[in-house]
Amino acid sequence: MVISFSEPRVRNFLLGKGTVYTFRKNRRKQFQKQPREDQLRRKGIPDWANEGRTKPKIADVTIHEVGAFTVPELKPYSDMSSFASFGEWMEAIKRCFHYKDLRVTDNGWLYKVTLREDPA
């Protein structure tokens, strides 16, 4: 199952730095199906990334599920989100998720995505 990075800033950060934290509205099915033991160990899942729906592969990646987060809990991860500030990251989340109002109580899933040199 592919992970898409339609936001150029995030995609370029991943390709340049090798790691990016990304916030998603829903939990990835891969992790729902992952054995409980692997979930407890926070074992990453090999995957691939693209620029958006139906676009070709840009990189092989490993995805680690950090967990379920509310909006304020994301702040410590903003330095590795590709955005200059927490506020910029929140604006991008609103835009990407088509939120009119991103509330403090809204939650989603945080993932750490890392480039992989050797495809699995």
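General remarks:
- Residue that is surrounded by the fewest Cβ atoms within 10 Å (Cβ to Cβ), among those in the range 60-77 that are farther than 20 Å from Lys29 by Cα and touching a residue at least 40 places away in the same chain (Cβ under 8 Å): Tyr77
- Residue satisfying all of: in the range 20-60; assigned to a strand (DSSP E or B) and within 11 Å of the chain's Cα centre (by Cα); nearest to Met1 (Cα to Cα) among these: Ala49
- Residue ID - surrounded by the fewest Cβ atoms within 10 Å (Cβ to Cβ), chosen from residues in the range 22-52 that are closer than 13 Å to Ile63 by Cβ and of a type in the set (A, V, I, L, M): Ile45
- Selection of the range 80-99 for residues being within 14 Å of the chain's Cα centre (by Cα) and in a helix (DSSP H, G or I) yields Met80, Trp89, Met90, Ala92, Ile93, Cys96, Phe97.
- Inside the range 57-90, residues that are farther than 20 Å from Thr114 by Cβ and among the polar types (S, T, N, Q) make up a count of 2.
- Residue that is farthest from the chain's Cα centre (by Cα), among those in the range 61-70 that are of a type outside the set (Asp, Glu) and within 18 Å of Gly108 (Cα to Cα): Thr70
- Among the residues of the range 11-21, just one is crowded, with 20+ Cβ neighbours inside 10 Å and out of contact with any strand residue (DSSP E or B) (no Cβ under 6 Å at 6 or more places or on another chain), namely Arg11.
Readers should treat all values here as calculations from the given coordinates under stated rules, not as data from a laboratory. Everything quoted here is computed from the prediction, not taken from an experiment. Counting neighbours? That spans all protein chains shown, and the Cβs are built from the backbone with ideal geometry, glycine included.
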